[in-house]
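Have a look at the structure below before the remarks.
The values are calculated or read from the model by the stated rules, or taken from the named source; none is laboratory data. In this text the structure is predicted, and so the values were computed from the model without any measurement. Don't worry about glycine lacking a Cβ; one is built from the backbone with ideal geometry, like all the others, and counts go over all protein chains shown.
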Amino acid sequence: MDMSDYFIIQPRSRFDPEGQGYMEIEDWVGIEGFGDWRRGTMAKDRPKGSVEIRVIPYDGYVGLPDEVSDMNVPLMSARLKEAITAAGVDNINFSPVTLRNSETGQAYEYFAFNLVGLVVAADMTKSNITSHDGDFLGDSSVHDLIIDESKIGGLLMFRLKEKFAAIIVQKSVKESIEQHGIDTIKFVKPEDYMAL
């Protein structure tokens, strides 16, 4: 496999047809039980009871929430969960979450996800990565990422240890997502990935 067999997934934000409106997932307000779900390790925090998160449409937006969100609570839609599970990804845990539209009351079935797989996958001799504090753990700035596939260990989906926000999928996972008719995910080639 070469570096083009791996992709960083990012949401392709859903805007209204005029390109103006959007929907905010308010996952930062009083949501407990997900404090360590973005670290790529088996989470110790667990939500207690059912979880409902408010989503707020702005500027007349009438569409659905983003397919995937990796902010305070990592979230994905039910159909994205189905697609990655069908691809054989088995190093991920899920917890059901209801997203509730603050204007219409409409509920959306989503899942919080704990992706267990934190991999030092960057080829540091070829990648352009800088660390703010020198440890190259979680919050590094990345420009021109080159993946060293010998470090991946056969994982189909994982977080980059150098940048926790980088969720990397193998080509077969990308294809499964596309075969499930999901066109709201961007697949960024590692060499084109940039994150501060």
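Being more than 18 Å from Gly40 (Cα to Cα), within 16 Å of the chain's Cα centre (by Cα) and not in a helix (DSSP H, G or I) holds for only one residue in Ile182, Ile167, Ile177, and it is Ile182. Within segment 92-113, the set of residues being polar (S, T, N, Q) and farther than 27 Å from Asp36 by Cβ comprises Asn101, Ser102, Thr104, Gln106. Among the strands (runs of 3 or more DSSP E) confined to segment 31-87, the ones with at least 1 residues that are surrounded by fewer than 21 Cβ atoms within 10 Å (Cβ to Cβ) and of a type in the set (Phe, Trp, Tyr) are located at 52-58.
When you check Leu145 against the structure, is it closer than 17 Å to Gln10 by Cβ and at pLDDT 95 or above, yes or no? It is false that Leu145 is closer than 17 Å to Gln10 by Cβ and at pLDDT 95 or above. Go through segment 148-186 residue by residue and tally those that are surrounded by 17 or more Cβ atoms within 10 Å (Cβ to Cβ) and of a type outside the set (S, T, N, Q). Number satisfying all stated conditions: 20. Taken over segment 20-29, the criterion of being more than 15 Å from Arg100 (Cα to Cα) and surrounded by fewer than 15 Cβ atoms within 10 Å (Cβ to Cβ) is satisfied by Gln20 alone. When segment 40-59 is filtered for residues that are within 20 Å of Leu80 (Cα to Cα) and either modelled with pLDDT under 90 or among the aliphatic types (A, V, I, L, M) (or both), the ones remaining, listed by number, are Gly40, Val51, Ile53, Val55.
Any residue that is assigned to a strand (DSSP E or B), at pLDDT 95 or above, surrounded by fewer than 20 Cβ atoms within 10 Å (Cβ to Cβ) and touching a Leu at 6+ places or on another chain (Cβ under 6 Å) - is there at least one of those in segment 98-107?
no
Pairing residues of segment 51-75 that are farther than 11 Å from Ala112 by Cβ with residues that are part of a loop (DSSP other than H, G, I, E, B) and of a type in the set (Val, Ile, Thr), at Cβ distances under 9 Å and at least 6 apart in sequence or on separate chains, gives Arg54/Val29; Pro57/Thr104; Val62/Thr104; Leu64/Thr184; Asp66/Thr184; Glu67/Ile182; Glu67/Thr184; Val68/Thr184. Just one of the listed residues (Phe94, Phe113) is within 19 Å of Asn72 (Cα to Cα), crowded, with 18+ Cβ neighbours inside 10 Å and within 14 Å of the chain's Cα centre (by Cα), and it is Phe113.
Residue under question is Ser127, and the condition is that it be within 21 Å of Asp36 (Cα to Cα), modelled with pLDDT under 90, over 15 Å from the mean Cα position of the chain (by Cα) and not aromatic (Phe, Trp, Tyr); does it hold? No.
For every residue, the table says whether it meets (1) touching an Asp or Glu at 6+ places or on another chain (Cβ under 6 Å); (2) within 20 Å of Ile8 (Cβ to Cβ).
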| position | (1), (2) |
| --- | --- |
| Leu80 | yes, yes |
| Gly88 | no, yes |
| Gln106 | no, no |
| Asp123 | yes, yes |
| Lys126 | no, yes |
| Asp133 | no, no |
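When Gln170 is tested against the conditions (1) at pLDDT below 95; (2) more than 17 Å from Pro74 (Cβ to Cβ), the lone failure is (1). Of the residues making up segment 18-25, not a single one is closer than 19 Å to Asp66 by Cα, in a loop (DSSP other than H, G, I, E, B), modelled with pLDDT under 85 and within 14 Å of the chain's Cα centre (by Cα). Of the residues making up segment 154-178, those that are small (Gly, Ala, Ser) and in contact with a strand residue (DSSP E or B) (Cβ under 7 Å, 6 or more places away or on another chain) are Ala165, Ala166.
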